[in-house]
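The values are calculated or read from the model by the stated rules, or taken from the named source; none is laboratory data. For clarity, every value in this text was computed on a predicted model and none was experimentally measured. Neighbour counts are summed over all protein chains in view; Cβ atoms, including those assigned to glycine, are modelled from backbone coordinates with ideal geometry.
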Amino acid sequence: MRTDPPPQRPASTSQPSSRAVTPIAYVRAILQTYQRRGISPERVLKLAQITPDQLVDPAARISAEQMECISGAAMQELDDEALGWFGRRLPWGSYGMLARASISAPNLGVALKRWCRHHALITDDITLHLSTSAVSASLSISEQRDLGPLREFCLVSVLRNIHGLACWLIDSRIPLLGAEFPFKAPAHSDFYRVLFSGPTLFQHSMAAIHFDSRYLALPLRRDEQALQQMLQRALPLTVLQYRRDRLLPARVRQALISHPSQSRSAEELAALLHVSPRTLHRQLREKGTSLQTLKDEVRHGRARDLLLRTTRPMKQVAEAVGFQNEKSFIRAFRNWVGQSPAEFRQAARG
């Protein structure tokens, strides 16, 4: 009986693009499993149109479509969705089973906890952990055995795939605050900028990705029918760089509050949030707001706080809130609350 394709694949170490950006090192990792199993990889290499010259060139790159092709074909031929990462095979359909166990979760946090817990049932070579703090969440991998020469391919793929699946589950882009890996930067480390938004650091204690913990509270927006469709061809969906960010207005407010000196312009703020200025403006407009509106909200809140809690002169309050002069601040504050800053302070203090 035919089982579903997995919701995540090692091929997700690439973006769906015709550009040749995926390092040949990941193909070589797959071929190591073929060699260990005593099986010829000739058929899958031919399907993916990967040439012998590419295989011997350490600087060679292939397209995402080629990586998807060789990964999917190899998974079926080897009957191993992990492509040799672990001590035992993961039969075709293993990850589909995990996805079905997570799809009924009320929110992303519960779904990811289920995924981490159930992943331990199919292999004990690695353990996945979801941890949270007041502002961030982390998905990390503990290695329970030496993963050998497939270590990088395994850790990168597992994290990239679970991140892609998380985005798909809530139908939202989840920008990463950073990624970490417990090995030296490889020769193709530039490719990590394609895989992970935010800074990527190497030679850390374990592999991990970090993101805003508020995404964990978002409800899942996929059902069984959507899952069934996604499983037919998982790669483009799990690596899709979602344009929509359901928490963008909240993230903009937080950036304006936490990094005032780095968010004076749309360009600076967009760079801080890892989006283009055009995308920033468009997505805020789709949410029924604008960058200027959010700036005014943050300035208004900051101004009220300073007026109520301090005795600073109006000029200092104006500068602290981000106005170039006192007159502009007074005019803006009057538009916000219908009173001048001095009148507001006096009325609040009785």
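Points worth noting:
- Only one entry in Gln203, Gln232, Gln144, Gln225 is farther than 19 Å from Leu108 by Cα and either in the same structural domain as Ala271 (by TED's automatic domain parsing) or modelled with pLDDT under 95 (or both), namely Gln232.
- Residues of segment 307-350 that are basic (Lys, Arg) and outside any helix (DSSP H, G or I): Arg312, Arg349.
- Those residues of segment 278-295 which are at pLDDT below 85 and not in a helix (DSSP H, G or I), in sequence order: Lys287, Gly288
- Scanning segment 190-215 for residues that are over 22 Å from Ala25 (Cα atoms) and in a helix (DSSP H, G or I) gives Ser213, Arg214, Tyr215.
- Residue within segment 150-170 that is surrounded by fewer than 19 Cβ atoms within 10 Å (Cβ to Cβ) and at pLDDT below 95 present: no
- Taken over segment 116-136, the criterion of being closer than 19 Å to Asp212 by Cα and in a helix (DSSP H, G or I) is satisfied by Cys116 alone.
- Only one of Ile50, Ile70 that is out of contact with any Pro (no Cβ under 8 Å at 6 or more places or on another chain), closer than 23 Å to Phe191 by Cα and surrounded by 23 or more Cβ atoms within 10 Å (Cβ to Cβ): Ile70
- Hits in segment 20-35 (condition: more than 14 Å from Phe153 (Cβ to Cβ) and modelled with pLDDT of 95 or more): Gln35
- Test for Arg222: is it outside any loop (DSSP other than H, G, I, E, B) and charged (D, E, K, R): no
- Considering Arg253, Arg193, Arg243, Arg214, the condition of being surrounded by fewer than 19 Cβ atoms within 10 Å (Cβ to Cβ), in contact with a helix residue (DSSP H, G or I) (Cβ under 6 Å, 6 or more places away or on another chain) and not polar (S, T, N, Q) is satisfied by Arg253 alone.
Listed here are the residues, each with its yes/no results for (1) closer than 30 Å to Arg244 by Cβ; (2) touching a residue at least 40 places away in the same chain (Cβ under 8 Å).
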{"residue": "Lys287", "(1), (2)": "yes, no"}
{"residue": "Leu294", "(1), (2)": "yes, yes"}
{"residue": "Arg304", "(1), (2)": "no, yes"}
{"residue": "Thr310", "(1), (2)": "no, no"}
{"residue": "Met314", "(1), (2)": "no, no"}
{"residue": "Gly322", "(1), (2)": "yes, yes"}
{"residue": "Ile330", "(1), (2)": "no, no"}
{"residue": "Arg345", "(1), (2)": "no, no"}
{"residue": "Ala348", "(1), (2)": "no, yes"}
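- Segment 38-85 holds helices (runs of 4 or more DSSP H) entirely within its bounds, and those carrying 2 or more residues that are more than 21 Å from Glu152 (Cα to Cα) and charged (D, E, K, R) map to 42-47.
- Summed over segment 309-324, residues that are polar (S, T, N, Q) and closer than 22 Å to Leu294 by Cβ total 1.
- Taken over segment 137-178, the residue count meeting the criterion of being closer than 14 Å to Ile209 by Cα and of a type outside the set (S, T, N, Q) is 19.
- Checking the stated criteria, Gly84 turns out not to satisfy the condition of being surrounded by 15 or more Cβ atoms within 10 Å (Cβ to Cβ), closer than 22 Å to Met230 by Cα and small (Gly, Ala, Ser).
- Hits in segment 95-115 (condition: in contact (Cβ under 8 Å) with a residue 40 or more places away in the chain, assigned to a helix (DSSP H, G or I) and either among the acidic types (Asp, Glu) or closer than 21 Å to His210 by Cα (or both)): Ser102, Leu108, Gly109, Ala111, Leu112, Trp115
- From Ser213, Ser197, residue being touching a strand residue (DSSP E or B) at 6+ places or on another chain (Cβ under 8 Å), farther than 18 Å from Glu68 by Cβ and either modelled with pLDDT under 90 or outside the structural domain of Gly96 (by TED's automatic domain parsing) (or both): Ser197
- Meets criteria (under 17 Å from Asn161 (Cα atoms) and hydrophobic (A, V, I, L, M, F, W, C)) for Leu108: yes
- Flag if Ser261 is free of Cβ contacts under 8 Å to residues at least 12 places away in the same chain and under 22 Å from Gly178 (Cβ atoms): yes
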